[in-house]
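Notes follow once the structure below has been shown.
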Amino acid sequence: MGLRINDQIEIADWELSEAFVRASGPGGQNVNKVSTAVELRFEAARSPNLPGPVKTRLKRLAGRKWTSDGAIIIFVQDTRHQIRNREIARERLAELIEKALHVPKRRIATRPTLGSKRRRLDAKKQRGEVKKLRGKIDD
């Protein structure tokens with residue numbers, strides 16, 4: 001039972017590992033006894049299911065979550081329930097991978113139109129006149 005991203009990509013169970021630790025914050029008497037926070041680790045660099053360009057975009061998107069050995073670590077302690085935190089971590093990983101699947105559109109450099117240049121210069125002249133009129137008046 002892996003993590004399904006879309007029709008083509010499914011993350012295998014061996015690529016994911018979970019560790020449960022004690023969470024900080026509210027929890028009543030259970031906060032010091034029950035390990036509800038989840039640390040989901042995904043071996044992204046070694047994943048055969050992700051193409052190379054997706055891995056590079058994923059690395060850029062993950063930021064500090066990406067470790068030096070090529071794994072993504074997602075830490076969740078949002079709720080007091082271990083199962084719900086586990087679901088949230090898997091959802092966040094799936095969202096991150098989905099964002100990395102999207103190929104960004106290349107920006108084509110364009111030049112400003114002649115009209116926009118003229119409007120900009122006219123606005124600058126007008127602003128300069130306003131500022132010049134603020135000065136001292138000569139007799």
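Overview of results
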quantity	calculated
Sole exception among (1) closer than 21 Å to S17 by Cβ; (2) free of Cβ contacts under 8 Å to residues at least 40 places away in the same chain for S35, by number	(2)
Condition check for P53: within 17 Å of the chain's Cα centre (by Cα), over 17 Å from L16 (Cα atoms) and outside any helix (DSSP H, G or I)	no
Matching residues in region 62-93 - criterion: being part of a helix (DSSP H, G or I), surrounded by 15 or more Cβ atoms within 10 Å (Cβ to Cβ) and within 18 Å of the chain's Cα centre (by Cα)	A62, K65, I88, A89, R90, R92, L93
Selected residue [farther than 19 Å from A12 by Cβ, of a type in the set (S, T, N, Q) and surrounded by 14 or more Cβ atoms within 10 Å (Cβ to Cβ)] from T110, T36	T36
Residue check for T79: within 14 Å of A100 (Cα to Cα) and of a type in the set (S, T, Y)	no
Pairs, first closer than 30 Å to N32 by Cβ in region 4-22, second modelled with pLDDT under 85 and not in a loop (DSSP other than H, G, I, E, B), C-beta under 9 Å, six or more apart	L16/L3; R22/V31; R22/N32
Residue check for R57: loosely packed, with under 12 Cβ neighbours inside 10 Å, at pLDDT 90 or above and out of contact with any Gly (no Cβ under 7 Å at 6 or more places or on another chain)	no
Qualifying residues in region 70-85 (those that are among the charged types (D, E, K, R) and modelled with pLDDT under 90) - the one farthest from R41 (Cα to Cα)	R80
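The values are calculated or read from the model by the stated rules, or taken from the named source; none is laboratory data. Here the structure is a predicted model, which means the values were calculated and not measured. No Cβ is skipped: glycine too gets one built from the backbone with ideal geometry, and neighbour counts run over all protein chains shown.
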